[in-house]
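As structure tokens, the structure follows; a few thoughts come after it.
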Amino acid sequence: MARINNQIRRLRFDHGEMTQEELAHRAGCTRQTIIALEQGKYLPSIELAFKIARAFGVALEEVFQYEA
Amino acid sequence: MAPLQKRAWWGLGLGLAFAIAFVLVFILMGGIESFDSDQGFRIIVDVLWVGALAMNLVIFNLSLRRVTVDERDKMIMGRAPRIQWLAVVFTLAAWVIALNEVYQSTGLVPAVYLYVVFMSVLIVSTLAYSLGILIGYWRASRNG
């Protein structure tokens, strides 16, 4: 099965220890969705993935990596 | 806990309260026989099912407008009607079997049961929707 990894947790800490709540607010989702994403239990839509990348000010590929 | 999950717990709790009240009213006020003749009884029951419907509307429509409901919540909410559909089908099946067993010999089912079946299905449906959302969150937290 294809896997999509993410660097959300690391990026939060790299961005001044941004809280899950703050990231959720910036990306327009709930804190529970950020928790699920960090635990690899939820795959976001393309739109949410872009919003998260934009919240960090980085490219999409820096947040999400596809591993076949 | 996500805002939608919190509301589903409220929906389940209040839905159960309405269901218990519904059963208690029927037991305490003389059962289906007096339902036909007692207007006060009918008004209480009407208040209960309209109340359950209004509660559902407030919890899952009006109050959700003020909080964040994201794509994951919407996905879980979109899957809840599967549980709701199953619960409604099982409730209807239980009613059909019970009424058939009780009234088969006479060949006539009192028309008042149509009303009772409708109200019970409505309450079960609102309960099952909340339950479906909670099951959705539980499954999402286990398997993703």
Between Rg and the Kirkwood Rh of chain B, both from Cα atoms, what is the Rg to Rh ratio? 1.05
P(r) tail fraction, the protein assembly as shown - alpha-carbon pairs more than 33 Å apart, %: 36 percent
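Need one value for B:128-141: mean number of C-beta atoms belonging to other chains within 10 Å of its residues' C-beta atoms.
Neighbouring Cβ atoms belonging to other protein chains average 1 per residue here.
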Charge dipole magnitude, Cβ of K and R +1, D and E -1 - the protein assembly as shown, Cα centre, debye nearest 20: 580 debye
For the stretch B:1-125, build the charge dipole from Cβ charges (+1 Lys, Arg; -1 Asp, Glu) around the Cα centre, then report which of B:V69, B:F41, B:A8 sits farthest towards its positive end. B:V69
Give, rounded to the nearest 20 debye, the magnitude of the charge dipole that the stretch B:3-143 has about its Cα centre when Lys and Arg contribute +1 at Cβ and Asp and Glu contribute -1 at Cβ. 900 debye
Per-residue mean of other chain beta-carbon atoms within 10 angstrom of the beta-carbon, peptide A:32-43? 4
Projected area of chain A, taken from the Cα convex hull and averaged over every viewing direction, in nm²? 4.1 nm²
Going by alpha carbons, how many degrees (0 to 90, nearest 10) lie between the helix axis of B:71-103 and the longest principal axis of chain B? 10 degrees
How far is helix B:3-28 tilted, in degrees, relative to the longest principal axis of the Cα atoms in chain B, given as a value from 0 to 90 rounded to the nearest 10? 10 degrees
What whole number of Å gives the distance from the Cα centroid of the stretch B:1-78 to the Cα centroid of chain A? 37 Å
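None of the figures in this text is laboratory data; all of them are computed from the coordinates on show. Worth saying up front: this structure is predicted, and the values here are computed from it rather than measured. Cβ atoms come from the backbone with ideal geometry, glycine included; neighbour counts cover every protein chain shown.
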